[in-house]
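The values are calculated or read from the model by the stated rules, or taken from the named source; none is laboratory data. Given the structure is predicted, the values throughout are model-derived calculations rather than measurements. Here Cβ is always computed from backbone atoms with ideal geometry, including for glycine, and neighbour counts include all displayed protein chains. Accessible surface areas use protein heavy atoms only, side chains included; no ligands, DNA or RNA. Shrake-Rupley method; radii C 1.70, N 1.55, O 1.52, S 1.80 Å.
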Amino acid sequence: MKLPGLLYKICEVDVTELVQHVKSLTDHQWIEWDLRQNRYKVHAATESYPFIFSEYGEEPKTYNLDTKIWNTVGPIVTKIEKLYNKKAIIVVLVKLKPGTNIRPHTDGGWYVNTHRIHIPVITDPRIKFILDDKEYHMEPGYAYEMNNMVNHGVVNPTNIGRVHLMVDLIPSSIVTNIDYEQTRVL
């Protein structure tokens, strides 16, 4: 969604329990659902573990909602939905493989109107999210909204897989409970 700035720290999120769940996911669980990395070539260096996924306004499909990990993710999503008074249409754990990048790009289509929230789960200060040629490290413990209408990408020079919980909220130009001037990172 086009925002007045680039990145906003929206709220605190305790990811302690989620980190443990993420570490227990198997390699097979990370690669079993490959729609996102295959359909969107810019995300070829990622792996995904989905909960809710919708494309182009279609009815969201659900996955893995009967798991212990969803029992941890669900309350985080509910907190974000309440802040925005919006419904999540995408909820997916995304892992950027060690030593890889997501090349700079802008989102298009349906995604130009969604609020894109990133919640870092596993990361390292050397991993940089790049927004409009500015580098940021998104630290665990917070939810961030990013302006996905500017060039953005990620550089992961480390030997760890960077994992974010990504939440897209249903499109709307009216946002409640978020003061963008108070939450702006830069």
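Return yes when Tyr142 is more than 13 Å from the chain's Cα centre (by Cα) and surrounded by 14 or more Cβ atoms within 10 Å (Cβ to Cβ) and no when it is not.
no
Among the residues making up the range 90-142, those that are touching a Phe, Trp or Tyr at 6+ places or on another chain (Cβ under 8 Å) and over 13 Å from Leu165 (Cα atoms) are Gly109, Trp110, His115, Lys128, Phe129, Ile130, Glu135, Tyr136, His137. Among residues of the range 6-30 being in a helix (DSSP H, G or I) and out of contact with any helix residue (DSSP H, G or I) (no Cβ under 9 Å at 6 or more places or on another chain), the one that is farthest from Asn101 (Cα to Cα) is Thr16.
Grab the strands (runs of 3 or more DSSP E) fully contained in the range 65-172, keeping just those with 3 or more residues being out of contact with any Lys or Arg (no Cβ under 7 Å at 6 or more places or on another chain).
Numbers: elements: 88-96, 101-105, 115-122, 128-131, 134-136, 142-146, 152-155, 162-169.
Per the criteria, 88-96, 101-105, 115-122, 128-131, 162-169.
Reported count of residues in the range 85-109, each being under 16 Å from Leu6 (Cβ atoms) and open to solvent by 30 Å² or more (accessible area, probe 1.4 Å), is 2. In the range 110-127, the qualifying residues are those that are open to solvent by 60 Å² or more (accessible area, probe 1.4 Å) and without any contact (Cβ under 8 Å) to a residue 40 or more places away in the chain, and the one that is farthest from Pro98 (Cα to Cα) is Pro125.
Residues that are modelled with pLDDT under 95 and not aliphatic (A, V, I, L, M) do occur in the range 123-132, at least one of them.
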